[in-house]
2 protein chains.
Amino acid sequence: MPDAHDVLFRTLADPTRRALFERLCREGEKTVGALTVQAGVSQPAVSKHLGVLKQAGLVRDRHEGRQTHYSALLGALTPLIEWTSQMAGFWQSRFDRLEDLLNRMDQ
Amino acid sequence: MPDAHDVLFRTLADPTRRALFERLCREGEKTVGALTVQAGVSQPAVSKHLGVLKQAGLVRDRHEGRQTHYSALLGALTPLIEWTSQMAGFWQSRFDRLEDLLNRMDQ
DNA sequence: CCGACGCATATCTCAATAGTTATAAATTAA
DNA sequence: TTAATTTATAACTATTGAGATATGCGTCGG
């Protein structure tokens, strides 16, 4: 079973899909049709990508008549931020331990 | 040609490869053999993943006799951090504009 | 010098998935 | 009701890439 990091990285790895998410972040809520215009792929492809983004918790949809409006959910990026700072943290702590070691060696 | 974000997301999307990078972050420099033991895949698979990580600038290698030592390069994560905060920034600024609009409507 | 060791590369296979077109389903307009 | 519009789903194709095994290449110990 894939954890949150897996889902996020895998979902955002595709350029087309990430571009869709970026547009929703930049420009706010958009219909499928509006997104399709500049997506460079067919409407079914856009719908499928939006489905994957929704599954990952990165977007939500709102139905209004015969159109569906999608918008970004920034909160879903939290695990990504945490992962990144965790990696940086590990690196930093190893650096600190090295510094300690060097300090002790000086004495 | 894929930009820095593309490379990073694509490289870190694979669980096995990301696990290798995480170990290098947590535990520092490791040989291919040491990494292979706990990787759950064959040694050639590990070598290939390390090659991809190196290509992405996420790790560097150091040859010593007949073994190769790999270590993480945290700086390579910068574009990822920037992308994330950029997305959050777009969201925030749209929120601010909405707030402004509501304030103006109040008057 | 020769065999074992450590890693990288070559080649192949298989599964996952992004894309397509065709079509269904639901809503609105005429 | 019929036709047009909007989105989602179905079915298929093609590509990508992660994994395996086999092997090549350099290095160390005996």
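Every number in this text was worked out from the coordinates using simple rules, so none of it is lab data. Predicted model only: the values in this text are computed from it and were never measured. With ideal geometry, Cβ positions are generated from the backbone for all residues, glycine too; neighbour counts draw on all protein chains shown.
Summary table below
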| quantity | calculated |
| --- | --- |
| In degrees, nearest ten, helix B:78-106 long axis to first principal axis of chain B (Cα) | 10 |
| For chain B, calculated [θ]222 nm from helices alone, where every DSSP H run of n ≥ 4 adds -39500 (n - 2.57) | -21500 deg cm²/dmol |
| Unit Cα scatterers, Debye sum, segment A:7-74: log10 I(q)/I(0) for q = 0.19, 0.23 Å⁻¹ | -0.64, -0.96 |
| Spin-label model distance (nm) - B:Asp96 vs A:Ala4, 7 Å beyond Cα toward Cβ | 2.7 |
| Nearest-ten-degree value, helix A:43-55 long axis tilted from longest Cα axis of chain A | 40 |
| Of the chymotrypsin sites (Phe, Trp or Tyr not before Pro) in segment B:44-92, those whose Cβ has at most 16 other Cβ within 10 Å and which sit in DSSP loop | none |
| Helix B:4-13 axis, angle to chain B major axis (alpha carbon atoms, nearest 10°) | 60 |
